[in-house]
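The values are calculated or read from the model by the stated rules, or taken from the named source; none is laboratory data. From a predicted model like this one, the values you see are computed outputs, not experimental measurements. Every residue, glycine as well, gets a Cβ built from its backbone with ideal geometry; the counts of neighbours run over all protein chains shown.
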Amino acid sequence: MRILITGGAGFIGSALVRHLIRDTLNEVLNVDKLTYAGDPTTVAAVASNSRYRHLQIDICDAHAIRQAFSSFRPDAVIHLAAESHVDRSVDGPRAFVKTNVEGTFNLLEAARDYWNGLSPDKRTTFRFVHVSTDEVFGSLDDDGQFLETTPYAPSSPYSASKAAADHLVRAWFRTYGLPTIVTNCSNNYGPFQFPEKLIPLMILKSVHEEQLPVYGTGANVRDWLHVEDHVGGLMASLMRGQPGESYNFGGDAERRNIDVTTTLCDLLDERLPRKSKQSYRSLITYVTDRPGHDLRYAVCCSKAERELDWQRRYTFEDGLSQTVDWYIENLGWCEKIRGERYAGRRLGTSSITKLAS
């Protein structure tokens, strides 16, 4: 199968690329603009394989996207390219609307034109898998889970832009018949995650003995999904998912942010004890909460388990321990990012400043 992947040099996309080239016989065209969060080293292990190719173009470039379809002739598209960090969306929402909404529109139109020109049997098997987030559903109270049928109620510019993209994808199925599938996942974690996200940020700040900023009281709850389990879900969606359907993928691992942080501190206490003999927990500092911070996410995955035969392989404890080990072993990769692209400063403070003034 020839698969066009957008955002294949990002965190989730690169894990998917590595899986496809390492563990299958699929051919992959990785369409990735290489923004600040895109990194060719994430796919370096498979980059020399003859079944892999990277095309550095922007999904907002409609002409270039159409040319990519025409030259590669994909059997499927898995669309992961997106601006994805909530805090950055607070500071600069325009980029999120452009990439996540306009870029998705360009891909859908290019895919529709390409699909219309396929032979009947190729049209039947073609798939467009759109990778989204559980954040489109908004915030939960103390109980309940997000279902595929949960009404959308996005809180941030990021989640609103992803919600808009989801609606476009569904509309292209209902209006034009393009065989699309939407997936919504909970918070991913694992190797190669860009260190603006909670888990790698806390690990690297601990290594540098910097304060560990916990938003508000740390009571906000997230469901944590190992990136390799998410890749398994995306492959199951591609191979067994039904056009027009949506599938949720979560880790069955709800944790408060403060509990994730203290667990990371305890793991680092074992692996990299501080010279002062103090626990890394002493570095925890509570800071002003994020504007519009959703209280709780929790994802029901019963549909994916039942219809796609999808199963998780990682418990949160095992996955987090493995992730900490990976970051310790790959501090050089992290330090290069820290020196060139992101030093760990807090983002998403524009609205906080306005509220306080």
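General observations
- Condition check for Lys277: farther than 29 Å from Gly241 by Cα and either among the acidic types (Asp, Glu) or out of contact with any Ser or Thr (no Cβ under 7 Å at 6 or more places or on another chain) (or both): yes
- When the criteria are applied in full, Asp269 meets the requirement of being at pLDDT 95 or above, within 26 Å of Phe192 (Cα to Cα) and in a helix (DSSP H, G or I).
- Annotation note: of Leu80, Leu34, Leu20, the sole residue that is hydrophobic (A, V, I, L, M, F, W, C) and more than 24 Å from Pro179 (Cα to Cα) is Leu34.
Yes/no matrix, rows are residues, columns are (1) within 30 Å of Glu335 (Cα to Cα); (2) outside any helix (DSSP H, G or I); (3) touching a strand residue (DSSP E or B) at 6+ places or on another chain (Cβ under 6 Å):
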residue	(1), (2), (3)
Val136	no, no, no
Ala171	no, no, no
Thr175	no, no, no
Leu201	yes, no, no
Pro213	yes, yes, yes
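- Scanning the stretch 233-257 for residues that are part of a helix (DSSP H, G or I), in contact (Cβ under 8 Å) with a residue 24 or more places away in the chain and surrounded by fewer than 18 Cβ atoms within 10 Å (Cβ to Cβ) turns up just one, Arg240.
- Residue match in the stretch 209-232 (condition: in contact with a Cys (Cβ under 8 Å, 6 or more places away or on another chain) and farther than 23 Å from Asp266 by Cβ): yes
- Scanning the stretch 25-42 turns up at least one residue that is free of Cβ contacts under 8 Å to residues at least 60 places away in the same chain and among the small types (Gly, Ala, Ser).
- Residue match in the stretch 94-112 (condition: surrounded by fewer than 21 Cβ atoms within 10 Å (Cβ to Cβ), on the phi < 0 side of the Ramachandran plot and not in a helix (DSSP H, G or I)): no
- Residue in the stretch 310-321 that is closer than 30 Å to Ala153 by Cβ, free of Cβ contacts under 8 Å to residues at least 60 places away in the same chain and surrounded by 15 or more Cβ atoms within 10 Å (Cβ to Cβ) present: no
- Residues of the stretch 8-50 classified as surrounded by fewer than 19 Cβ atoms within 10 Å (Cβ to Cβ), in a helix (DSSP H, G or I) and β-branched (Val, Ile, Thr), total: 1
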